[in-house]
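Shown next, in structure tokens, is the structure this report addresses.
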Amino acid sequence: ILNQPSDAERLPGGTLTLICDTNNNRVIEVSPDGSTFTVFYNPVVYPNPVDAERKGTRTLIAFSNRVGIAEQGDTTNLIQEWTTTNPVDVEWLANGNILVANNTSVQEIQYQGLPALVNLTGLNSVRDVEWLSNGHILVTEGPMSSPGTVTEMGTTGAVIWQHKVNLMGGEYAVDAERLSDGNTLIAVYFP
């Protein structure tokens, strides 16, 4: 039984789904028949996974107080980790680096632990981040940003394009994806 799942992604091959089962403190794979395989579980040291993304045999995971990489077959230890405050979204980049968003910033972390290449600060309630094929970053800011904006930014923070979500009942933007036709799909949370 899942307990407040916060992220799910269909894995290559189209049959398994990677799920962050946040309040059960685990990351699992689920097959179409409902059987599960534990990818990572270490609730004392690594509580509350909120986002995960697979690349080859490695799983990038955002926990409540850090980001780490788990290697397939080791369900309790990370092979590398970075301490950060309240990460909400992580993404592997084509160059091998990692894009990490927390509530107020977005950083590109070099895999070998070198200084951040991108460091966008002063954001408000970040919910989702996506590195676009044009080299820009798509950032979704949630309920604290009146009631949310989706912004395409350059790597220095310059605003390229922005859409303010204008709803009336406390709804806010939680996710955005750039579609192949150039449009942007925005997911909105309705309380």
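Answer yes or no: is there a residue in the range 169-191 that is in contact with an Asp or Glu (Cβ under 8 Å, 6 or more places away or on another chain), open to solvent by 50 Å² or more (accessible area, probe 1.4 Å), among the aromatic types (F, W, Y) and modelled with pLDDT of 85 or more.
Scanning the range 169-191 turns up no residue that is in contact with an Asp or Glu (Cβ under 8 Å, 6 or more places away or on another chain), open to solvent by 50 Å² or more (accessible area, probe 1.4 Å), among the aromatic types (F, W, Y) and modelled with pLDDT of 85 or more.
Inside the range 1-115, counting only strands (runs of 3 or more DSSP E) that do not spill past its ends, which hold 2 or more residues that are aliphatic (A, V, I, L, M) and surrounded by 13 or more Cβ atoms within 10 Å (Cβ to Cβ)?
Details: elements: 5-10, 17-21, 26-30, 36-41, 51-55, 58-62, 66-71, 80-83, 87-92, 98-102, 106-109.
So the answer is 17-21, 26-30, 58-62, 66-71, 87-92, 98-102, 106-109.
For the range 135-150, name all the residues that are modelled with pLDDT under 85, surrounded by fewer than 18 Cβ atoms within 10 Å (Cβ to Cβ) and in a loop (DSSP other than H, G, I, E, B).
Residue satisfying the conditions is S146 alone.
Every residue in the range 173-187 that is without any contact (Cβ under 8 Å) to a residue 40 or more places away in the chain, over 19 Å from V90 (Cβ atoms) and not acidic (D, E), please.
Within the range 173-187, L179, S180, G182, N183, L185 qualify.
Could you tell me how many of the residues in the range 117-134 are surrounded by 16 or more Cβ atoms within 10 Å (Cβ to Cβ), of a type in the set (G, A, S) and more than 14 Å from the chain's Cα centre (by Cα)?
Start the filter on the range 117-134 by keeping residues that are surrounded by 16 or more Cβ atoms within 10 Å (Cβ to Cβ), which leaves 118, 120, 123, 125-131.
Applying the additional criterion that residues be of a type in the set (G, A, S) yields 125.
Adding the requirement that they be more than 14 Å from the chain's Cα centre (by Cα) leaves none.
Within the range 117-134, residues that are surrounded by 16 or more Cβ atoms within 10 Å (Cβ to Cβ), of a type in the set (G, A, S) and more than 14 Å from the chain's Cα centre (by Cα) number 0.
The values are calculated or read from the model by the stated rules, or taken from the named source; none is laboratory data. Since we're looking at a predicted model, the values are computed, not measured. Positions of Cβ are backbone-derived with ideal geometry, glycine not excepted, and every protein chain shown enters the neighbour counts. What goes into the accessible areas is simple: the full protein's heavy atoms, side chains included, and nothing from ligands, DNA or RNA. Shrake-Rupley method; radii C 1.70, N 1.55, O 1.52, S 1.80 Å.
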